[in-house]
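Chemist: Could you have a look at this structure, given as structure tokens, before my questions?
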Amino acid sequence: MKNFMFKLIKNLSKIRIASAYVAVVLVLISLLGLFNHGLNLGLDFTGGYLTEFSTEQSISQHKMSELLTSYLPDSFELSSADKGTHWSVQQADNDISLKGKAWLSEFSQQSGLTITPQDSLYIGSQVGEELINQGGLALLTAVIVILLYLSFRFEWRLAAGSVIALFHDVIIVLGLFAWFDISFDLTILASLLAIIGYSLNDSIIVGDKVREIMKRGNEKSIDNIINQAIKSTIARTLITSGTTLATILAIWIFAGESLSGFSIALFSGVLVGTFSSIAISATVPQLLGLTADYYHKKEQEICQLP
């Protein structure tokens, strides 16, 4: 194990550069999915009907989907909870004739199931458009505030690495949802905001360590400085990511279908965020020409001012 870690640290520079190229490929694949397939916007954004009901009998989701497909005239999305006794049916806002809870009694007779209506909610398309605009505005505001903070706290190349890593993480998560046609709703939008914060945290930790080592002036190679920064923060990063992933995995397994998309987004976001903190936020500043004596030159320039 020690030999493996020694070889890993010794080849860290090569691994970082190779990972940066892998990150570029992943972003291109994600963008291809977004442009070709687009996001499968959920009921929160498109508008439509959400009907909830319960059954006395426990039934598999596949069987319930078959029964509804033979009854409902249009497409729908089905989710379940409470071991197949509580159901949610989402129907798009179009010319459907079976809306709200009105169809449940007839469906109960035809299917032979004992169905108890729970709730019915209609979301208009105008509300969906407002949610898209507000959600996009929230993401844009978060990015702008982060840019202002990084430009104040770090040298511009270190800030650029953190910002590029942030965009990398969000694009890959969106690409994952586009390629696998996973429903994108408000909970996913909330998870993206959480991913932005998590990604920024990892990047700032690495960037702050790079700045600290540079200010000491003991190391003359920027490559060695970045490697030292990663080695001194990797244990903390892995522990934090591991405990976070364990919590998200518990939500994914036990929270049910309603939070599965949220869990998928957070789980993938934490993984790519950990990856990008090394592959991008620590590597981009070096590729942009950051030098080991940057802060010493800056101090000299300040001393020379009249």
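Throughout, read-outs are computed from the coordinates displayed, never taken from laboratory work. Just so you know, these numbers come straight off a predicted model, no measurement behind them. Note that we place each Cβ from the backbone using ideal geometry, even for glycine, and neighbour counts take in every protein chain shown.
Chemist: Using a Gaussian network model of the chain whose springs link C-alpha atoms within less than 10 Å, name the residue from Ile213, Ile204, Ile144 with the highest mean-square fluctuation.
Modeler: Ile144
Chemist: Just from its helices, what would the mean residue ellipticity at 222 nm be for the chain, if runs of 4 or more DSSP H residues each count -39500 (n - 2.57) and the sum is divided by every residue, rounded to the nearest 500 deg cm²/dmol?
Modeler: Helices in the chain give a 222 nm mean residue ellipticity of -22500 deg cm²/dmol.
Chemist: Evaluate the distance, in nm, between pseudo-label points positioned 7 Å from the Cα of Tyr122 and of Ser258 along their respective Cα→Cβ axes.
Modeler: Going by the 7 Å Cα→Cβ label model, 2.3 nm.
Chemist: Between Asp119, Asp181, Asp223, where does the largest GNM mean-square fluctuation fall for the chain, given springs only between Cα atoms within less than 10 Å?
Modeler: Result: Asp119 has the largest fluctuation of those listed.
Chemist: Treating only the Cβ atoms of Lys and Arg (+1) and Asp and Glu (-1) as charged, compute the dipole magnitude of the chain about its Cα centre; round to the nearest 20 debye.
Modeler: For the chain, the charge dipole is close to 2100 debye.
Chemist: Under the rule a/c < 1.5 gives rounded, and otherwise a/b versus b/c splits prolate from oblate, where does the chain land using the Cα gyration tensor?
Modeler: Judged from the Cα gyration tensor, the chain comes out prolate (a/c at least 1.5, a/b above b/c).
Chemist: I'd like to know which of Tyr71, Thr114, Ile264 lies farthest towards the positive end of the charge dipole of the chain, counting +1 on Cβ of Lys and Arg and -1 on Cβ of Asp and Glu.
Modeler: Ile264
Chemist: Turning to a different aspect of this structure: Residue by residue through region 264-271, which ³J(HN,Hα) values in whole Hz follow from phi under the Karplus form 6.51 cos²θ - 1.76 cosθ + 1.60 (θ = phi - 60°), with glycine and proline marked x?
Modeler: Couplings: 4, 5, 5, 4, 5, x, 5, 4 Hz.
Chemist: Another question about this same structure. Residue-wise, which Karplus ³J(HN,Hα) couplings in Hz belong to region 52-69, taking 6.51 cos²θ - 1.76 cosθ + 1.60, θ = phi - 60°, and x for glycine or proline?
Modeler: 10, 8, 10, 10, 5, 8, 7, 9, 6, 5, 4, 5, 5, 4, 5, 5, 5, 4
Chemist: Name the residue farthest towards the positive end of the dipole of region 115-235 from the options Leu137, Leu189, Ala165, assuming +1 on Cβ of Lys and Arg, -1 on Cβ of Asp and Glu, about the Cα centre.
Modeler: So the residue furthest toward the plus end is Ala165.
Chemist: Next question. List every residue whose amide H lies under 5 Å from the amide H of Asp185, counting only residues 5 or more places away in sequence or on a different chain, with H placed 1.01 Å from N in the peptide plane.
Modeler: Gly42
Chemist: Among the DSSP beta bridges whose two residues both lie in the chain, what percent are antiparallel, rounded to the nearest 5? Mind dumping the intermediate values first?
Modeler: Numbers: 21 of 23 bridges.
Antiparallel bridges: around 90 percent, rounded to the nearest 5.
Chemist: Given R₀ = 51 Å, what would the calculated FRET efficiency be for Glu106 paired with Leu137, taking r from the Cβ atoms and rounding to 0.05?
Modeler: 0.75
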